[in-house]
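Here is the structure we will look at.
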Amino acid sequence: MATRFVIIGGGPAGNTAATHAARLGAQVTLVERDVIGGAAHLWDCIPSKTMIATGGAIAFTRRLEGMGLEQQAPEVDVDALTERIESIKMRLQRSTTNLLTSQGVELVHGSAKMLSPNDVEITVRDSSGVATVRTITADAVLVATGSRPRIPEWCHPDGERILVTRDCYPPKVFPESVTIVGSGVTGVEFVHMFSSFGARVNLVVSRQQVLPGKDPEVAAVLEDDFLQRGVKLLKGARATSIERVVDEAGVEEVVVRCDDGRVVHSSHAVLAIGSVPNTDGLGLEAAGVQTDSNGYVIINRHCQSNAPHIYAAGDMSGKLPLSSVASMQGRKVAEHVMGLSKVAHRHLDYDKAANAIFTEPEIADVGLAEADAFAVGRKIRVTKVPFSSTPKALINNDWRGFVKIISDPATGVVLGGSIVGRHAAELISVIALAVTANLKVTDIVESLLVHPALAEALAEAAD
Ligand SMILES: Cc1cc2nc3c(=O)[nH]c(=O)nc-3n(C[C@H](O)[C@H](O)[C@H](O)COP(=O)(O)OP(=O)(O)OC[C@H]3O[C@@H](n4cnc5c(N)ncnc54)[C@H](O)[C@@H]3O)c2cc1C
């Protein structure tokens, strides 16, 4: 009998696990209450990067003069932009759904919860709201229900002026000015996005640098760019309230108050202070699944919970909240469910996950960071090459940023790296491959790369 595998949640973790497990011979049911593709397609990666791509096109026109062209400020057509976002989401949703059905995955549009360690209850509502309930007894279950924006008790998003990220694709009215609360990856991407669209932007930064935890040299390049664009950085401040008010002239605005007494006025505010897992109402207690104090399911290196046949993957597993990581976890779960982990099987190493920040310049890194190596007293070799030394950056009229490669001084094995600059998210793949496959700097140096290309900075840094 085929392994009966039930997956709750059709985001990157759930849909990758479903496709892969079905290919390996499992009988798979995937339950999704919203849309296949998950929050990643509907709210997060895809719409935010689509908005950023349009903002980037506007920002590009500001550099046209330096390329021997006349500068012309483009106008934003909000309806066309909305249509573009929707059509990309639809295309991706369709292709993911087609892939799942072509592999024989049973798709159920409904809501699921665990009744016991093996029983999953699925509720499907018809168009008039009448519910049909069905229970499947599963050999293995994957909970991959994702996360949602964290909203503190002092903030009441209204979808009009006080926004969470999900209200911004695009917002009903483009802000004249906006205060972004939170300077992590999402916060800085939204600064870039709104300032590209011409808004005046304030950024509440709880520490002394944006992107806390990132290489300070990397954060400094981004801060410089923000300052040049006129972004106001409120460092060392934590927001304590966000309110809509009407000023003396009768104009509506949003007031953000910070714990150090600073007060910022803008037409809109966006909350970007992280997320919480969608684990409530899932019946995890009934299934005997343990969560940590923040509600994330505790998993081992195979993504198994304390109940070995119940797996968790994606954002709600409390590891790296990245779509790429969620998909890879889903793949690994499918292999484990189907017994492939007993043969040669590479465990997921979260320390080797490449990640990118889609600002301008882009930022990407992978593997060991300089600061982490110093913290544990590990000897490393760090080589850094600015893009300004590569012909392609000069041709592009954009030579901001650098490539940094971190390697083992004794063996030359590439341990990590960071890239700041145009196409950093693409270029980091070379270092990511080197880190995953334990390649040496000489392997990069001896690769015959294209000329002129930004990748030449990689070879130079490796040399
Ligand atoms: C603004 C923003 C931008 C981002 N950009 C990027 C990016 O560029 N690159 C990147 O790698 N990551 C990005 N991320 C992170 C990425 O979106 C998440 O890591 C990813 O969506 C996690 O995938 P998942 O499968 O865990 O969950 P999700 O994509 O959240 O999918 C979970 C699904 O489970 C469903 N579900 C929940 N409960 C139930 C239930 N009881 N029954 C049935 N279905 C249920 C939900 O409807 C949802 O569709 C971004 C995040 C944000 C907030």
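The values are calculated or read from the model by the stated rules, or taken from the named source; none is laboratory data. The structure displayed is predicted, hence computed values, not measured ones. In this analysis, Cβ positions are derived from the backbone assuming ideal geometry, glycine residues included, and neighbour counts consider all displayed protein chains.
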Within region 90-109, count every residue that is among the charged types (D, E, K, R) and part of a helix (DSSP H, G or I). 2
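Per-residue answers, yes or no, for (1) outside the structural domain of V141 (by TED's automatic domain parsing); (2) over 23 Å from M316 (Cα atoms); (3) not in a helix (DSSP H, G or I):
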residue	(1), (2), (3)
G25	no, yes, yes
V31	no, no, yes
A39	no, no, no
E83	no, yes, no
Given the conditions (1) surrounded by fewer than 21 Cβ atoms within 10 Å (Cβ to Cβ); (2) in a loop (DSSP other than H, G, I, E, B); (3) within 12 Å of the ligand (Cβ to nearest atom), which single one is not true for L282? (1)
Got at least one residue in region 414-437 being closer than 30 Å to H192 by Cα, touching a Pro at 6+ places or on another chain (Cβ under 9 Å), away from the ligand (no atom under 16 Å from the Cβ) and among the charged types (D, E, K, R)? yes
The residue from A437, A393, A410, A424 that alone is crowded, with 18+ Cβ neighbours inside 10 Å and over 22 Å from the mean Cα position of the chain (by Cα) is A393
Against the definition (touching a residue at least 24 places away in the same chain (Cβ under 8 Å) and outside any strand (DSSP E or B)), how does I7 come out, yes or no? no
Here is a check on your reading of the model: is A199 of a type outside the set (D, E, K, R), closer than 21 Å to V246 by Cα and buried (at least 18 other Cβ atoms within 10 Å of the Cβ)? yes
Checking the conditions here, which among E243, E223 is charged (D, E, K, R) and closer than 22 Å to D372 by Cβ? E223
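Within the group V28, V35, which residue is within 24 Å of R125 (Cα to Cα) and crowded, with 22+ Cβ neighbours inside 10 Å? If you could, list the steps in order and put the result at the bottom.
Working: V35 fails: crowded, with 22+ Cβ neighbours inside 10 Å.
The conditions single out V28.
Mind checking whether some residue in region 122-135 is touching a helix residue (DSSP H, G or I) at 6+ places or on another chain (Cβ under 7 Å) and in the same structural domain as I36 (by TED's automatic domain parsing)? Let's see the steps before the verdict.
Within region 122-135, the subset touching a helix residue (DSSP H, G or I) at 6+ places or on another chain (Cβ under 7 Å) is none.
No, every residue in region 122-135 fails to be touching a helix residue (DSSP H, G or I) at 6+ places or on another chain (Cβ under 7 Å) and in the same structural domain as I36 (by TED's automatic domain parsing).
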Any idea which of H302, H265 is part of a strand (DSSP E or B) and more than 22 Å from E189 (Cβ to Cβ)? H265
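Does any residue of region 324-334 turn out to be surrounded by fewer than 23 Cβ atoms within 10 Å (Cβ to Cβ), within 11 Å of the ligand (Cβ to nearest atom) and hydroxyl-bearing (S, T, Y)? Before you say what the answer is, go through the steps one by one.
Of region 324-334, the ones surrounded by fewer than 23 Cβ atoms within 10 Å (Cβ to Cβ) are 324-325, 327-328, 331.
With the extra rule that they be within 11 Å of the ligand (Cβ to nearest atom), the set shrinks to 324-325, 327-328.
From the residues that got through so far, the ones that are hydroxyl-bearing (S, T, Y) too are 324, 327.
Checked against the condition, which is being surrounded by fewer than 23 Cβ atoms within 10 Å (Cβ to Cβ), within 11 Å of the ligand (Cβ to nearest atom) and hydroxyl-bearing (S, T, Y), region 324-334 yields at least one hit.
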Working only within region 140-181, note down all residues that are of a type in the set (G, A, S) and within 11 Å of the ligand (Cβ to nearest atom). A144, G146, S147
Would you confirm, using the coordinates I've provided, whether A18 is among the small types (G, A, S) and either more than 9 Å from the ligand (Cβ to nearest atom) or more than 24 Å from V188 (Cα to Cα) (or both)? yes
Condition first: at positive phi and out of contact with any strand residue (DSSP E or B) (no Cβ under 8 Å at 6 or more places or on another chain). Now tell me which residues in region 407-460 satisfy that. H423
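Any residue in region 281-298 that is without any contact (Cβ under 8 Å) to a residue 60 or more places away in the chain and closer than 17 Å to C45 by Cβ?
In the first step, residues of region 281-298 are kept if they are without any contact (Cβ under 8 Å) to a residue 60 or more places away in the chain; the result is 285, 290-296, 298.
With the extra rule that they be closer than 17 Å to C45 by Cβ, the set shrinks to none.
Taking every residue of region 281-298 in turn, none turns out to be without any contact (Cβ under 8 Å) to a residue 60 or more places away in the chain and closer than 17 Å to C45 by Cβ.
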Any idea how many residues of region 30-60 are within 11 Å of the ligand (Cβ to nearest atom), more than 13 Å from A13 (Cβ to Cβ) and more than 15 Å from the chain's Cα centre (by Cα)? 4
Kindly evaluate G295 against the criterion of being in a loop (DSSP other than H, G, I, E, B), in the same structural domain as D167 (by TED's automatic domain parsing) and either away from the ligand (no atom under 16 Å from the Cβ) or of a type in the set (G, A, S) (or both). no
Matching residues in region 61-81 (surrounded by 12 or more Cβ atoms within 10 Å (Cβ to Cβ), assigned to a helix (DSSP H, G or I) and under 26 Å from the mean Cα position of the chain (by Cα)) number 2
Go through region 182-205 and count every residue that is within 12 Å of the ligand (Cβ to nearest atom) and of a type in the set (G, A, S). 3
Being under 23 Å from the mean Cα position of the chain (by Cα) and either at pLDDT 95 or above or surrounded by fewer than 17 Cβ atoms within 10 Å (Cβ to Cβ) (or both) narrows it down to one of A364, A375, so name that one. A364
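Condition first: among the aliphatic types (A, V, I, L, M) and modelled with pLDDT of 90 or more. Can you find one or more residues in region 385-393 that meet it? So that I can check it myself, show each step before the final result.
So in region 385-393, the residues among the aliphatic types (A, V, I, L, M) come out as 385, 393.
This time we only want the ones that are modelled with pLDDT of 90 or more, so: 385, 393.
So far as region 385-393 goes, yes, one or more of its residues are among the aliphatic types (A, V, I, L, M) and modelled with pLDDT of 90 or more.
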Wholly enclosed helices (runs of 4 or more DSSP H) of region 353-463 bearing at least 1 residues among the small types (G, A, S): 370-375, 391-395, 424-436, 456-462
For region 134-251, give me every one of the strands (runs of 3 or more DSSP E) that falls completely inside it and has 1 or more residues that are under 27 Å from K384 (Cβ atoms). 200-205, 232-235
Looking only at region 118-133, which residues are in contact with a strand residue (DSSP E or B) (Cβ under 6 Å, 6 or more places away or on another chain) and either without any contact (Cβ under 8 Å) to a residue 40 or more places away in the chain or in a strand (DSSP E or B) (or both)? D119, V120, E121, I122, T123, V124, R125, A131, T132, V133
